[in-house]
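Below: the structure, in C-alpha cells.
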Amino acid sequence: SRGRMPGAPRALCLTRAFHARVPSRVPRRGVRRAPRSVRAAMATDVPRVAVGQMSASSDVEKNLEVVADLCARAKDRGCAMLFLPECFAFIGVKGTDALAVMEPLDGPLLGRYRELAARHRLWLSLGGFAEKGPDRDRRFNAHVIVNDAGEIQASYRKIHLFDVDMGDVNGPVLMESATAAAGETLVTCDSPAGKLGLTVCYDLRFPEMFARLRYELGCEVMLVPSAFTKPTGQAHWETLLRARAIETQSYVVAAAQAGVHSEGRASHGHAMIVDPWGKVVAELDGEETGIAVADVDLGYLKDVRSRIPVETHRRDIASFPVERR
C-alpha cells in the first residue's frame, strides 16, 4: 500500500498511521479548532458541533439574547448541534432564587429556547434548566435535548447534587440539595453527533456513571454542561474531563459558565471538547462568551476503541472476593 516500507508488516504500518494523527503533546492553550467555513462542514459526513460558554445572570431576557447569538454563530459555522452550559437560562444570587422561575418542561421559558432550535434548524443541549420539582421548595436540575424542529428528545435530572463546604478554598457553602431534588435515572439520546450520554456538572466526579453510559448503554459522546467554581475548576476541570474521555474512549463535550455572575459567585469557564484519545480539540478561555467548534469523528472513535479494546478486557471486579491483610 502507499507509504508502506518494503517488508514492513501491514499491522505496523496501520499503527504508525493511527498514531500520526495523535500528537504526543497536547497544546495547553490556543487549541486547534476546526475550519471556519460552512463548505468544509458540508463536504463531509463527519458532524460538526459547537460547545458554548456564557456568563448567565438573573436577567432571563438577557440570557435568552446571548443564547440566540450563540445559536446564530453555531449555524454560521456549519454546526449540527450547540451545547449550552448548566444554568443557561438563569443564575440567581441565592439558591432559592431559581425556585421563582422554575417551570415544567412544557412551560413558556423553555418553549422560547425550543423556538430558537426550530428557527435555526439546530439541535440544542440545554445543560441545566430549573424544572418544576416535587414540591414548591425544590426543583430539578434538568438537562434537556431539543432537536432541530424544536421538539424535546430527552431530559435528564441531575443525580449528584453539589453539597460542598471547602471554606476559604471554595468561598461560600454550596448546598444544592437545599433547593433541588436529585434525579434517579440515567439518560441517553441519539443525535446527529452520535449517541449522547447526559450528565450535569458535579456528575463529572463519579466515573462509575460514565462507565455505565459507555459500557451498558453504548454512548459515544459524554455531555458535561457545567458551572464549575473557579477554585475547583482551576484544580480539577480539565483533568477530570480528559480522564472521562480516556476512560470511556468517548468524546466529551463540556459547555461552561464563565466569569462573574453576581457578588460572591463566579465560574471557571474553559468550555471544551475532548476527543476519545484525551486530546482537547476545541476550547474557550476563562472569561469569554462564545463558541468553540470541532468535528465529531465517530470513525476515529471506533479506531481508538478497536486498538485498545478496553470493553472486551473489562472484568466484573464487583464480584471478586476481597483479601484484607
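Readers should treat all values here as calculations from the given coordinates under stated rules, not as data from a laboratory. Since we're looking at a predicted model, the values are computed, not measured. All Cβ positions, glycine included, derive from the backbone under ideal geometry; neighbour counts span all protein chains shown.
Things worth noting here:
- Efficiency of FRET from Cβ geometry, residue 112 and residue 288, R₀ 22 Å, rounded to 0.05: 0.35
- Length gained on full extension, residue 62 to residue 185, computed as 0.36 nm times the residue gap minus the Cα-Cα distance: 41.1 nm.
- Across region 133-229 the C-alpha pair distances fall into 5 Å bins from zero in the proportions 3, 12, 20, 22, 18, 13, 7, 4, 1, 0 percent.
- Within region 157-266, the GluC sites (Glu not before Pro) that combine a DSSP coil assignment with at most 14 other C-beta atoms in a 10 angstrom radius are 184, 216, 263.
- Bins of 10 Å, starting at 0 and running to the largest distance - Cα pair percent for region 69-155: 18, 50, 25, 7, 0
- Overall Cα dimensions of region 84-205, principal axis frame, Å, largest first: 45, 29, 24
- Value of Rg/Rh across region 242-325 [Cα atoms, Kirkwood radius]: 1.18
- Applying 0.36 nm per residue to the separation of residue 216 and residue 322 and subtracting their alpha-carbon distance, the gain on full extension is 35.7 nm.
- In the structure shown, the pairs 94/195; 195/279; 75/279; 158/279; 230/279 are assessed against 31 Å; a Cα-Cα span above that value is assigned to 94/195.
- Take the Cα of residue 45, step 7 Å toward its Cβ, do the same at residue 93, and the gap between the two points is 5.5 nm.
- Set of region 250-288 residues, backbone N closer than 15 Å to the point 7 Å along the Cα-Cβ line of residue 235: 268
- Charge-dipole axis of region 61-131 as Lys and Arg at +1 and Asp and Glu at -1 on Cβ define it, positive-most pick from 129, 104, 78: 78
- Taking 0.36 nm per residue of separation and subtracting the current Cα-Cα distance, fully stretching the chain between residue 73 and residue 163 would add 28.9 nm.
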